[in-house]
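These notes are about the structure you will find just below.
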Amino acid sequence: MFLPLSGPRGRIWPPCRLHFFPQFRTDFLRRHWLIAYEGAEIELAWDQGEIAGKGGYEAIDELELELKTGSTAALLALAALLGAIPGLRLGVQSKAQRGYRLAGLGKALVPRIVPSLAQWDALSLRQRVQAGLEHWQHHEQICVLQQDMSGWPGLMAGLALIAQGLDAGHAHPEWVQRLTDTRTELAKLDEAGQATWLSRADYVPLQLAIIAWLQS
């Protein structure tokens, strides 16, 4: 590509050649449907393909839901039905974020520290549960996307933060028993069992129930 640049006093500088190099590539097929569900219209998109960068390749196999009309509750109810599909998990990184990471331009996910006591005390009940869920999902991504089980203690800490956020004398939501059972199960797993649990993604309905509660 040649682009003439206008210099001072109307002079035309010699053309310069601009070089563009792709940092990463996304190549996928999208199928989509408009679904009527519980009085809402929701678009379901299914993307399949790959992301390629100098750091390698990652598969794209994603379902995305977009609320067109209706309530968020209907969207979350449909997500809960899909969340029962074995191996399906919630993602927190976009295709672009994954592409930049493969191109060496994005930072790898690293473990986070838990909130300090002062930070924790300043949060409301729902903010504490939200903070715990985000901590859980962040460290889940370290384990799954980066195949780095050093994120496991942070995942467990996220579950503990959610439980601690509810120990404030408030009425407990219906998903609390599932949270307790999950923490008990995970405490007994060795590293091989942890990897198997993550691959099954049995925990997605629990995450969706927490999200629905936060949105209610």
(message) Among Ile162, Gly56, Met149, whose Cα projects farthest towards the positive end of the dipole of the chain, with charges put on the beta-carbon of Lys, Arg (+1) and Asp, Glu (-1)?
(response) Gly56
(message) Relative contact order of the chain, please, whole-number percent, based on alpha carbon pairs below 8 angstrom and at least 6 residues apart.
(response) 16
(message) Given the DSSP H assignment, sum -39500 (n - 2.57) over each helix run of at least 4 residues in the chain and divide by its residue total; what's the result at 222 nm in deg cm²/dmol, nearest 500?
(response) -13500 deg cm²/dmol
(request) Enter the Cα centre distance for the pair region 147-163 and region 57-115, rounded to the nearest angstrom. (result) 18
(request) Treat every Asp and Glu Cβ in region 147-216 as -1 and every Lys and Arg Cβ as +1, leave all other atoms uncharged, and give the resulting dipole magnitude about the Cα centre to the nearest 20 debye. (result) 100
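Taking the alpha carbon gyration tensor of region 55-119, what are the square roots of 5 times its eigenvalues, largest first, to the nearest whole Å?
With the √(5λ) rule applied to region 55-119, the semi-axes are 27, 22, 13 Å.
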(message) For the chain, what are Rg and Dmax over the alpha carbons, in angstrom?
(response) 22.3, 76
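Roughly how many Å² is the accessible area per residue of the chain, as a whole number, for a 1.4 Å probe?
Values: 13020 Å² over 216 residues.
Per-residue accessible area for the chain comes out at 60 Å².
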(request) Using a 1.4 Å probe over the heavy atoms of the protein chains, calculate the carbon and sulfur portion of the accessible area of region 66-216 as a whole percent. (result) 56
(request) With all distinct Cα pairs included, what does the Kirkwood hydrodynamic radius of region 134-216 come out to in Å, to one decimal, could you say? (result) 13.3
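Please compute the Kirkwood hydrodynamic radius over region 40-79, one decimal place, Å, based on all pairs of different Cα atoms. Show your work: numbers first, answer last.
Details: mean 1/r = 0.0846 Å⁻¹.
One decimal place: 11.8 Å for the Kirkwood radius.
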(message) Projecting each Cα onto the charge dipole of the chain (Lys/Arg +1, Asp/Glu -1 at the beta carbon, about the Cα centre), which of Phe28, Leu65, Leu88 comes out farthest on the positive side?
(response) Phe28
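About the Cα centre of region 88-137, how large is the charge dipole given +1 on each Lys and Arg Cβ and -1 on each Asp and Glu Cβ? Please answer in debye to the nearest 20. Intermediate values should be presented prior to the final figure.
Numbers: 8 positive and 2 negative charges, 58 e Å.
Charge dipole of region 88-137: 280 debye, to the nearest 20.
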(request) Pairs of lysines 8 or more apart, or on different chains, with alpha carbons under 27 Å: count those in the chain, would you? (result) 4
(message) Tell me the volume per residue, in Å³, of the convex hull enclosing the alpha carbons of region 92-150.
(response) 95
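Roughly how many debye, to the nearest 20, is the charge dipole of the chain about its Cα centre, given +1 on each Lys and Arg Cβ, -1 on each Asp and Glu Cβ, and no other charges? Provide the component values of the computation, followed by the final result.
Working: 20 positive and 22 negative charges, 246 e Å.
Around 1180 debye, computed over the chain.
The values are calculated or read from the model by the stated rules, or taken from the named source; none is laboratory data. Bear in mind that the values here come from a model prediction, so they are computed numbers and not experimental data. Every residue, glycine as well, gets a Cβ built from its backbone with ideal geometry; the counts of neighbours run over all protein chains shown. To get the accessible areas, we keep the full protein, side chains included, count just its heavy atoms, and leave off ligands, DNA and RNA. Shrake-Rupley method; radii C 1.70, N 1.55, O 1.52, S 1.80 Å.
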